[in-house]
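Worksheet: one structure, shown below.
Read the figures in this text as sums done on the coordinates, not as results from a lab. In this text, all values refer to a predicted model and were calculated from it rather than measured experimentally. Quick reminder, even Gly has a Cβ in these numbers, built from the backbone with ideal geometry, and neighbours come from all protein chains shown.
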Amino acid sequence: MLFLVGLELVKFVRDIKWSLDIIPLSVTVISAVFTNMAVGFAAGIIADRLVAFYSRGRQRA
């Protein structure tokens, strides 16, 4: 079942822009592979919020 879910998620990975979007994706995948899915999910959310905060701060400067 996880294999089929993985195949379905590949469809969305193709739409990822190769800019700052790759950072939360990488953090999520790496932490989920080496720990578990819940830790990967939480790490991805934290990485996404940090990237959003950082990029918003850079736009003001």
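Which one of Gly40, Trp18, Ser55 is farthest out on the positive end of the charge dipole of the chain, using unit charges on Cβ (Lys, Arg +1; Asp, Glu -1) and the Cα centre as origin?
Farthest towards the positive end: Ser55.
About its Cα centre, what dipole magnitude does the chain give when the only charges are +1 on Lys and Arg Cβ and -1 on Asp and Glu Cβ, stated in debye to the nearest 20? The partial results should precede the final answer.
Details: 7 positive and 4 negative charges, 65 e Å.
Dipole of the chain, to the nearest 20 debye: 320 debye.
Using every alpha carbon pair in the chain, what percent of pairs falls into each 5 Å bin from 0 up to the bin containing the largest distance?
Taking all Cα pairs of the chain, the binned fractions are 4, 18, 19, 26, 17, 8, 5, 2, 1, 0 percent.
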